[in-house]
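Working notes for the structure below.
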């Protein structure tokens, strides 16, 4: 627990530093370049395609169905497949809750407001769509799910994380987010999965479950 807490704090500090640097020196120029170069091209279409996999309505529906399946079939989390399914769902749910809270708290203007009104920065405490650019919801959702899958299927880690990165990059290609939004979302998704993994699969918890099952 202490080791994970330490790593979380270290990576949080690093992510914050890079986020600030991107916000100050990179985000605006990158999204303006993407708008002028990639809009209405095959790259924009590719971004739309990959973005679909992180769509909030689809993932929330999937979470609801998975939770209902767990309850309807068997709520005994000592069964490996039920425990694993619950772990993935909880990882994503944590990321969504944290992400939505930060979106409301920070209320960063989306790129469209930069393009249309030359507005850039934060408004704070707003739930309007135009003020919820950071963190990227698509990115945190897919990183939480795919990180969770990679922790259980280690040989496919490169495949899962590469797919998550492509979805994150797609949010910049479609100019819905800035690069720093994607970075922030990836951090939240990864560490939501790591903390949930610590809860579900820590050695002490597994030992307690084995004792209770006897």
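The values are calculated or read from the model by the stated rules, or taken from the named source; none is laboratory data. This one's a predicted model, so the numbers in the text were calculated from it and none came from an experiment. Counting neighbours? That spans all protein chains shown, and the Cβs are built from the backbone with ideal geometry, glycine included.
Kindly indicate whether any position in segment 78-89 is buried (at least 21 other Cβ atoms within 10 Å of the Cβ) and closer than 17 Å to residue 180 by Cα. Checking segment 78-89: not a single residue is buried (at least 21 other Cβ atoms within 10 Å of the Cβ) and closer than 17 Å to residue 180 by Cα.
Of the residues making up segment 13-52, those that are in contact (Cβ under 8 Å) with a residue 60 or more places away in the chain, assigned to a helix (DSSP H, G or I) and closer than 11 Å to residue 174 by Cβ number 12. Here are the criteria: (1) at pLDDT below 95; (2) under 18 Å from residue 183 (Cα atoms). Tell me which single one residue 101 does not satisfy. For residue 101, the failing item is (1). Pull out all pairs, ordered by first then second residue, where Cβ-Cβ is under 9 Å, the residues are six or more apart or on different chains, the first lies in segment 186-199 and is on the phi > 0 side of the Ramachandran plot and without any contact (Cβ under 8 Å) to a residue 24 or more places away in the chain, and the second is surrounded by fewer than 24 Cβ atoms within 10 Å (Cβ to Cβ) and not in a helix (DSSP H, G or I). Between residues of segment 186-199 that are on the phi > 0 side of the Ramachandran plot and without any contact (Cβ under 8 Å) to a residue 24 or more places away in the chain and residues that are surrounded by fewer than 24 Cβ atoms within 10 Å (Cβ to Cβ) and not in a helix (DSSP H, G or I), there is no close pair.
Would you mind stating whether residue 158 is surrounded by 24 or more Cβ atoms within 10 Å (Cβ to Cβ) and part of a helix (DSSP H, G or I)?
Values: surrounded by 24 or more Cβ atoms within 10 Å (Cβ to Cβ): no; part of a helix (DSSP H, G or I): yes.
When the stated conditions are applied, residue 158 does not pass them.
Of the residues examined, residue 172 is not one that is out of contact with any helix residue (DSSP H, G or I) (no Cβ under 8 Å at 6 or more places or on another chain) and either in a helix (DSSP H, G or I) or closer than 16 Å to residue 114 by Cβ (or both).
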